[in-house]
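The values are calculated or read from the model by the stated rules, or taken from the named source; none is laboratory data. Since the model is a prediction, treat every value here as computed from it, not as a measurement. Neighbour counts are summed over all protein chains in view; Cβ atoms, including those assigned to glycine, are modelled from backbone coordinates with ideal geometry. Each accessible area value is taken on the protein alone, full model and side chains, heavy atoms only, with ligands, DNA and RNA left out. Shrake-Rupley method; radii C 1.70, N 1.55, O 1.52, S 1.80 Å.
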Amino acid sequence: MTEDATIEHVSNQALVVGASRGIGLGLVRVLLGRGWQVTATVRDTARTPQALAELQASHGAALEIIGLDLGQSSRPADLAASFGPHKLNLLVISAGIMGPDHQCAEQTNRKEVGELFDINAMAPLRLARALLPTMASGGIIGFMSSRMGSVSLNDAGDRELYRASKAALNSLSRGFAVNEAIPAEVGVLNLHPGWVQTDMGGDEAPVTIEQSVTGLVNVMENALGRVEQRFLDFEGQTLTW
């Protein structure tokens, strides 16, 4: 390997949080295909999904798989310490849950709503805040949001608890972007992956995982060096908050 190739390889460092399946796994596959050095997280490395293990077998040292449970509040600091300063060019936080099947405010309880908001809104913010010192100047932090997190685009009112959790993520990430990320010369993207054919999206969804993740990586790569916050879909279209 030439010296130039080594420098290029080291400069493209990505961390994908929530890479066990679906969109997260797809992002890892596309990034590896484009020459990125990728660290992917799963809840338990002893139960690494076969598809992710196969990617590691085929890409070798370009892919590292580590354990991360977003429910453990101490893990973000431990993870940040393992990376060191200004190493990451891209951080994508893809983990999330739909919440209770009923999706109704009057039927929920504190445990249900607490878990939903913690995983979908609070945990991503905690992680991004802890990892901000590891981000390189001009790098991008991508929060996997949703069109459902837009208040102005809520013309259906369905899945109200999930919508509220993603709206909370958008609000929290706005404060983080303005007060912390942008002053540190790091851009922030709130990303809508589309209605995707995943376990959460269902088979009737019109967007394939490949279409979604290819578009998302295009959007994130094009955003490198742009120190601002934007709310974009996987095709690069701006969404209103």
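Only protein heavy atoms count here; under a 1.4 Å probe, ASP158 has an accessible surface of about 70 Å².
For ILE141, what charge total do you get from the other residues with a beta carbon under 15 Å from its beta carbon, if Lys and Arg give +1 and Asp and Glu give -1?
Details: positive: LYS87, ARG126, ARG129, ARG174, ARG226, ARG230; negative: GLU180, GLU185, GLU221, GLU228.
Net charge in that neighbourhood comes out at +2.
Over all orientations, the chain has a Cα convex hull whose mean projected area works out to 13.1 square nanometres. With the charge dipole of the chain set up from +1 on Lys and Arg Cβ and -1 on Asp and Glu Cβ about the Cα centre, the Cα lying farthest toward the positive end among the listed residues LEU127, GLN103, THR208 is that of LEU127. Net length available on complete extension from ARG226 to GLU204 is 4.4 nm, with 0.36 nm assigned per residue and the Cα-Cα distance removed. The percentage of C-alpha pairs in the stretch 159-241 whose separation is greater than 22 Å is 32%.
The label-point distance for VAL151 and GLU115, in a model that sets each label 7 Å from Cα toward Cβ, rounds to 2.9 nm.
As a length-normalised measure over Cα pairs under 8 Å and 6 or more apart, the relative contact order of the chain settles at 19 percent.
Annotation: HIS192 carries an accessible surface of approximately 30 Å², with a 1.4 Å probe and no ligand, DNA or RNA atoms counted.
Give me the percent relative contact order of the stretch 81-161, please, defined on Cα pairs under 8 angstrom at least 6 residues apart.
Numbers: 75 pairs, mean separation 41.4, N = 81.
It rounds to 51 percent for the stretch 81-161.
Solvent-accessible area assigned to carbon and sulfur over the stretch 140-241 amounts to 48 percent, based on a 1.4 Å probe. When the Cα convex hull of the stretch 2-122 is projected onto planes of every orientation, the mean area is 8.9 nm². Mind checking the angle between helix 22-33 and the chain's longest principal axis? C-alpha axes, 0 to 90 degrees, to the nearest 10. Tilt relative to the chain: about 20 degrees. For the stretch 59-181, the C-alpha radius of gyration divided by 2.2 N^0.38 Å, with N the number of residues, is 1.16.
With every protein chain left in place, what is the accessible area per residue of the stretch 57-137 in square angstrom, probe 1.4 Å? Don't skip to the answer; put the middle values down first.
Numbers: 3970 Å² over 81 residues.
Computed with neighbouring chains in place, this is 49 Å² per residue.
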